[in-house]
Amino acid sequence: MRTLNCDVVVVGAGPAGSMTAKWAALGGADVIMIEKRPEIGSPIRCGEGISRSWLERVGVEVDPKWLARSVKGAKIVSPSGEHYVTLDESKAGNEVGFVVDRVFFDKALARDAAEAGAKIMLKTAATSLIMEDGKIVGVNAVSHGEPLEIRAGCVVGADGFESQVGRWAGIDTSLKTTDIITCYQYRLTNIDYDPDFTEFRLGSVAPGGYAWIFPKDENTANVGLGVSLTKLKKPGEVKEYLDRWIASDSRFKNAQPLEAVAGAVSVCPPLDSVTMDNLLLVGDAARMIDPITGGGIANGCYAGMYAGKVLAKAVKSNDFSQQVLQEYEDDWRDKLENTLWRDWMAKEKLISLPDETLDKLTEAVSKVTLERITVGTLLAAVRETYPELVKEFEDLI
Amino acid sequence: MNGGRPKETNILKVIDMKVSAERCHHCGACVGSCPQNAIFMNDFVLEFGDACNRCKRCIRLCPAGAISEEG
Ligand SMILES: Cc1cc2nc3c(=O)[nH]c(=O)nc-3n(C[C@H](O)[C@H](O)[C@H](O)COP(=O)(O)OP(=O)(O)OC[C@H]3O[C@@H](n4cnc5c(N)ncnc54)[C@H](O)[C@@H]3O)c2cc1C
Ligand code: SF4
Ligand code: SF4
């Protein structure tokens with residue numbers, strides 16, 4: 001069997017994996033990043049909406065190759081459609097949204113990793129961990145159909161929602177039924193809509209989740225929705241929800257699909273630990289998706305950067321023990337943990353509210369002047385108007 | 001720690017659970033949601049391992065309605 005040796009093997013070439021690979025390689029680590037699919041970034045499993053503000057902080061430059069559209073604002077629409085909260089450019093500043101093209105975005109991040117010195121292998125799937133005397137020393141893989149052993153000081157699980165590397169290692173990343181949102185999305189063209197606003201629609205159009213419109217161009221958008229697994233009664237029902245919404249909304253009267261996307265997101269509280277001796281998890285694999293927005297690109301990039309920097313240090317002392325990787329654990333928690341807890345609690349509350357309450361809530365929030373539209377400012381507005389809804393996690397707002 | 005994917009790696013051999021290749025989008029939603037970690041997806045092939053306890057979560061969850069019970 002062929003064997004390769006490196007300092008760090010990254011499993012999965014999504015945003016979190018590429019970021020980890022880049023920052024570790026920049027710090028001098030010998031990195032191999034493996035991806036089981038034949039093309040990085042494709043097929044897409046994403047709505048492709050992000051805010052602009054964090055890109056610079058993780059060292060990613062905006063590139064017209066992956067920027068599909070820069071929107072002017074966001075609109076949150078109540079279940080009845082009668083009330084909405086809008087936020088436009090004048091107030092939103094850096095929080096204004098970008099809609100990206102993940103096929104190019106993911107490749108751009110992988111290219112950065114390659115430029116930093118990381119090696120990339122496609123059609124290479126990790127199939128298990130290599131264990132010696134109870135110690136993790138790499139991954140077994142299948143590369144273009146051939147078995148391959150990749151030995152490394154540290155294994156990075158960046159394998160996305162599937163999150164198998166962590167479970168192979170004994171990190172419990174399993175999800176409760178209430179913490180899974182199942183999604184379906186079309187890229188719809190020939191639609192008649194406002195291409196300058198992202199739209200989020202609440203209530204029974206997508207029980208326990210929300211429906212979205214993320215503009216790609218003047219008459220094309222990612223139109224999708226996510227439903228809580230607890231609300232699904234039969235196989236394939238989430239697609240029926242989406243088809244029903246599209247049929248009922250006149251903006252989509254002449255719409256035609258260019259792409260269909262299935263997937264799931266985790267909406268769980270932060271995990272207790274994502275590091276152990278010789279292994280760490282980043283991004284969706286570490287269940288770092290925001291439980292309110294369902295967005296995971298930014299959090300995955302932050303985690304990847306923190307992990308990569310710590311790995312670069314670990315390489316110097318050739319010590320990948322949990323104690324050394326704890327610095328990564330501290331960094332990501334410092335940045336993300338409170339928000340993940342807050343948004344998980346807010347999600348638990350929101351999921352229980354009937355359409356009428358969501359309508360009243362949206363109406364009340366629409367009357368509050370918001371400086372910026374973020375989950376934080378929205379929850380603060382809810383606290384002003386419906387304090388009882390957020391009293392259990394007031395201190396996190 | 002179970003260390004790796006289902007040991008039973010007979011490609012396309014499906015134990016109890018059946019995937020419709022015509023419906024499946026290879027999105028991995030079932031893989032990440034299986035409480036037993038019994039599913040492995042290599043690119044476009046889904047394998048169900050012995051750990052499956054037939055809880056049927058994946059059947060209800062699959063956005064494409066691609067999973068059903070054999071027989
Ligand atoms: C329908 C939908 C809409 C979404 N919309 C948004 C949005 O608008 N904005 C947002 O921020 N987030 C959104 N998300 C979430 C977002 O897609 C993820 O958070 C993001 O992709 C996470 O990046 P990652 O690098 O952790 O994982 P991924 O991007 O999932 O990358 C993981 C990679 O690992 C590979 N892999 C898995 N197992 C193995 C293995 N054994 N061996 C080798 N490779 C492996 C996979 O093929 C994949 O390429 C959405 C998700 C869904 C499902
Ligand atoms: S959840 Fe359904 S569509 Fe997605 S990979 Fe599993 S069987 Fe295929
Ligand atoms: S039935 Fe349950 S245990 Fe079996 S593969 Fe599906 S989710 Fe996993």
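Just one of (1) within 12 Å of chain B (Cβ to nearest Cβ); (2) closer than 20 Å to residue A:304 by Cα; (3) surrounded by fewer than 24 Cβ atoms within 10 Å (Cβ to Cβ); (4) not aromatic (Phe, Trp, Tyr) trips up residue A:140, so point out which. It fails just one condition, (2).
Condition first: under 30 Å from residue A:360 (Cβ atoms) and away from chain B (no Cβ under 14 Å). Can you find one or more residues in region A:4-23 that meet it? No, region A:4-23 contains no residue that is under 30 Å from residue A:360 (Cβ atoms) and away from chain B (no Cβ under 14 Å).
Restricting to region A:172-184, name every residue that is crowded, with 24+ Cβ neighbours inside 10 Å and more than 9 Å from chain B (Cβ to nearest Cβ). Within region A:172-184, A:181 is the sole residue that qualifies. Put simply, of A:75, A:107 the only residue that is outside the structural domain of residue A:290 (by TED's automatic domain parsing) and over 20 Å from residue A:314 (Cβ atoms) is A:75.
Yes/no matrix, rows are residues, columns are (1) farther than 30 Å from residue B:59 by Cα; (2) small (Gly, Ala, Ser); (3) within 16 Å of ligand 3 (Cβ to nearest atom); (4) not in a strand (DSSP E or B):
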{"residue": "A:142", "(1), (2), (3), (4)": "no, no, no, no"}
{"residue": "A:153", "(1), (2), (3), (4)": "yes, yes, no, no"}
{"residue": "A:172", "(1), (2), (3), (4)": "no, no, yes, yes"}
{"residue": "A:175", "(1), (2), (3), (4)": "no, no, yes, yes"}
{"residue": "A:193", "(1), (2), (3), (4)": "yes, no, no, yes"}
{"residue": "A:215", "(1), (2), (3), (4)": "yes, no, no, no"}
{"residue": "A:221", "(1), (2), (3), (4)": "no, yes, no, no"}
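Only one entry in A:132, A:149 is free of Cβ contacts under 8 Å to residues at least 12 places away in the same chain and under 30 Å from residue B:35 (Cβ atoms), namely A:132.
Selection of region A:223-244 for residues being under 17 Å from residue A:293 (Cα atoms) and either more than 10 Å from chain B (Cβ to nearest Cβ) or outside any helix (DSSP H, G or I) (or both) yields A:223, A:224, A:225, A:226, A:227, A:228. With respect to the conditions (1) surrounded by fewer than 23 Cβ atoms within 10 Å (Cβ to Cβ); (2) at pLDDT 95 or above; (3) touching a Gly at 6+ places or on another chain (Cβ under 7 Å), residue A:147 lacks only one, and its number is (3).
Please name all residue pairs, on different chains or six or more residues apart, with Cβ atoms under 8 Å, provided the first residue is in region B:19-31 and is more than 14 Å from ligand 3 (Cβ to nearest atom) and the second residue is among the charged types (D, E, K, R) and outside any helix (DSSP H, G or I). From residues that are more than 14 Å from ligand 3 (Cβ to nearest atom), the pairs are B:26/B:43; B:27/A:45.
Being within 14 Å of chain B (Cβ to nearest Cβ) and within 16 Å of ligand 3 (Cβ to nearest atom) is a description that applies to residue A:264. Per the listing A:158, A:110, A:114, the residue uniquely crowded, with 20+ Cβ neighbours inside 10 Å and out of contact with any Leu (no Cβ under 9 Å at 6 or more places or on another chain) is A:110.
Total residues in region B:15-71 satisfying the condition of being more than 7 Å from every other protein chain (Cβ to nearest Cβ) and assigned to a loop (DSSP other than H, G, I, E, B): the figure is 23. In summary, helices (runs of 4 or more DSSP H) completely within region A:306-397 and bearing 1 or more residues that are in contact (Cβ under 8 Å) with a residue 60 or more places away in the chain occur at A:322-332, A:338-350, A:355-366, A:375-385. Residues that are assigned to a strand (DSSP E or B) and within 12 Å of another protein chain (Cβ to nearest Cβ) were ranked within region A:116-131; the one that is farthest from residue A:16 (Cα to Cα) is A:131. Note on region A:243-291: among residues that are basic (Lys, Arg) and over 11 Å from the mean Cα position of the chain (by Cα), the one that is surrounded by the most Cβ atoms within 10 Å (Cβ to Cβ) is A:251.
Among all residues of region A:212-223, there is at least one that is free of Cβ contacts under 8 Å to residues at least 60 places away in the same chain, surrounded by fewer than 18 Cβ atoms within 10 Å (Cβ to Cβ) and not assigned by TED's automatic domain parsing to the domain that holds residue A:141. Evaluate region A:304-320: report whether one residue or more is crowded, with 24+ Cβ neighbours inside 10 Å and polar (S, T, N, Q). No, region A:304-320 has no match at all.
The values are calculated or read from the model by the stated rules, or taken from the named source; none is laboratory data. Note that the coordinates shown come from a computational prediction; the quantities given were computed from them, not determined experimentally. FYI the Cβ positions are ideal-geometry reconstructions off the backbone, even for glycines, and counts take in every protein chain you see.
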